[in-house]
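To start, the structure under review is shown below, and the notes come after it.
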Amino acid sequence: MEVLGISGSPRQGGNTELLLKHALEPFRDKGWTVTEFYLSNRSVAPCDGCDICWETGECVIRDDMDLLYEKFVSCDAIIIGSPVYYRNVSAQLKAVFDRHHALFKNKPLIGKAGGAIVVGRGASGGQSLALTIIYNFILSSGALAVPGQRNGLSVVADKPGDVLKQPERLKQARVLGQNVLKYAELIRLESK
Ligand SMILES: Cc1cc2nc3c(=O)[nH]c(=O)nc-3n(C[C@H](O)[C@H](O)[C@H](O)COP(=O)(O)O)c2cc1C
């Protein structure tokens, strides 16, 4: 079993990556293969709208998205995190969402469990909007939107590492991971 974690932050070691790592711990504990895809060290160009994928089911752009195209197929669950940027997800993550469009024919995420994490500096900084955007991607891909303790994980933090001073939020990241894991295992049992 394999979980795919995508962080949309361009900041290495930032809050999104730290929260995502905590959310992925329950999968490691259960011996899953954990694939971490951090947009701080990967490059995914924006969709250029050529629409060739509409005919071929394949994107013509060759970059680090190639790995994600494989992982969307091989994974059993997915957790996506993003910093809040202008009350939205980061441009880096939005590029991934748009490029996923090339898989519209096969929809490899159908029936897979998905969770969402967002972090912004403001107490009402647009976290709920960014969460909705990630869950909309999950649902549009045919995946299942799994909640954490309440909704997706919404965090207030700014400087890289700030989130490490918030043990409650780190715990909630783990709870989100546990929930996604639980649903992924239930789905697997059902499909046997
Ligand atoms: C371009 C840009 C736009 C931002 N927009 C928002 C925003 O709309 N709301 C908010 O709460 N924080 C905003 N922030 C702050 C980041 O969300 C915050 O610093 C977050 O912790 C970054 O996550 P990271 O450490 O994973 O990169 C913005 C930061 C940048 C660089």
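Derivation of every value follows stated rules applied to the coordinates shown; laboratory data play no part. This is a predicted model, so every value here is computed, not measured. Using ideal geometry, Cβ is built from the backbone for each residue, glycine included, and neighbour counts are taken over all protein chains shown.
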(request) Using the number of other C-beta atoms within 10 angstrom as an exposure proxy, rank 141, 43 with the fewest first. (result) 43, 141
(message) Which one, 117, 78, 133, has the greatest fluctuation when you compute a Gaussian network model over the chain with C-alpha springs under 10 angstrom?
(response) 133
(request) With runs of 4+ DSSP H residues as the only contributors, calculate the mean residue ellipticity of the chain at 222 nm using -39,500 (n - 2.57) per run, divided by the residue total and rounded to the nearest 500. (result) -12500 deg cm²/dmol
(request) Write down, largest first, the equivalent ellipsoid semi-axes of the chain in whole Å, where each equals the square root of 5 times an eigenvalue of the alpha-carbon gyration tensor. (result) 25, 20, 14
(request) Would you compute, for the Cα atoms of the range 101-192, the largest minus smallest coordinate along each principal axis and list the three values in descending order, in whole Å? (result) 42, 28, 20
(message) Can you give me the long-range amide H partners of residue 76? Hydrogens built in the peptide plane at 1.01 Å from N, cutoff under 5 Å, separation of 5 or more residues or another chain.
(response) 2, 3, 4
(request) Kindly put 17, 168 in sequence by how many other C-beta atoms sit within 10 Å of each C-beta, fewest to most. (result) 168, 17
(message) Order these by the 10 Å Cβ neighbour count, fewest first: 35, 56, 132, 16.
(response) 56, 132, 35, 16
(message) If I build a Gaussian network model for the chain, linking alpha-carbon pairs within less than 10 angstrom, which residue out of 26, 167, 108 has the largest mean-square fluctuation?
(response) 167
(message) Under 37 °C and 0.692 mPa s, how fast does the range 77-144 diffuse according to Stokes-Einstein, given a Kirkwood radius computed over C-alpha pairs? Answer in µm²/s, whole number.
(response) 270 µm²/s
(request) Return the percentage of antiparallel bridges among DSSP beta bridges fully within the chain, rounded to the nearest 5 %. (result) 5 percent
(request) Please list the non-local residues whose amide H lies under 5 Å from the amide H of residue 144, H modeled 1.01 Å from N, same-chain partners needing a gap of 5 or more. (result) 111, 112, 113, 114
(request) Tabulate in residue order the Karplus-calculated ³J(HN,Hα) for the range 36-44, using 6.51 cos²θ - 1.76 cosθ + 1.60 with θ = phi - 60°, rounded to whole Hz; enter x for Gly and Pro. (result) 9, 10, 9, 6, 6, 10, 10, 10, 10
(request) Compare the Cα positions of 73, 120, 56 along the charge dipole of the chain (+1 at Cβ of Lys, Arg; -1 at Cβ of Asp, Glu; about the Cα centre) and return the one farthest towards the positive end. (result) 120
(message) Just to verify a number: FRET efficiency for residue 188 and residue 168, C-beta to C-beta distance, R0 = 25 Å, to 0.05?
(response) 0.25
(message) Test of understanding: express the Cα radius of gyration of the range 14-58 as a ratio to 2.2 N^0.38 Å, with N the residue count.
(response) 1.71
(message) Can you give the Rg/Rh ratio of the range 118-169, where Rg is from the C-alpha atoms and Rh is the Kirkwood radius?
(response) 1.02
